[in-house]
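Report on one structure; see the data block that follows.
The values are calculated or read from the model by the stated rules, or taken from the named source; none is laboratory data. It should be emphasised that the depicted structure is a prediction, and the values quoted were computed from it without experimental measurement. Here the Cβ positions follow ideal geometry from the backbone for every residue, glycine too, while neighbour counts run over all protein chains shown.
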Amino acid sequence: MDTLFTKIINREIPADIVYEDEDVLAFRDIRPQAPVHVLVIPKKPIPTMDAAEPEDALLLGKLMLAAQRVARDSGIAESGYRLINNCNPDSGQEVYHVHIHVLGGEKLGPLNARPAQA
């Protein structure tokens, strides 16, 4: 099943690509939640992190290193950045193709505004 990200990989729809190698593609999010908001995706379609298989370990490691490179190239590595992967509906996953959000460029608030449970 083709997703929006598959169409970006295949250049069927445009994207502001900031990094690419043989396994990974990174592009700016069209609805940024921070001054720097880049999505890093594997070119192999894996619907969710929950669907990843042991043989995907090397690819997922490359995904994380590509996210690190995007942060460095964007100038946010030293001040700090956040990596987020949403998995399945309750997390807010909208596109069912594994992706890492790289967020930064400003001081980011806490992820969970709920008070700690006793």
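So which strands (runs of 3 or more DSSP E) are wholly in the range 2-118 and hold at least 1 residues that are under 16 Å from the mean Cα position of the chain (by Cα) and among the acidic types (Asp, Glu)?
Filter on the range 2-118 gives 17-20.
Does residue 57 fit the bill of being among the small types (Gly, Ala, Ser) and surrounded by 11 or more Cβ atoms within 10 Å (Cβ to Cβ)?
Against the criterion (among the small types (Gly, Ala, Ser) and surrounded by 11 or more Cβ atoms within 10 Å (Cβ to Cβ)), residue 57 does not qualify.
Is it the case, given these coordinates, that residue 18 is touching a Leu at 6+ places or on another chain (Cβ under 8 Å) and at pLDDT 95 or above?
In short, no.
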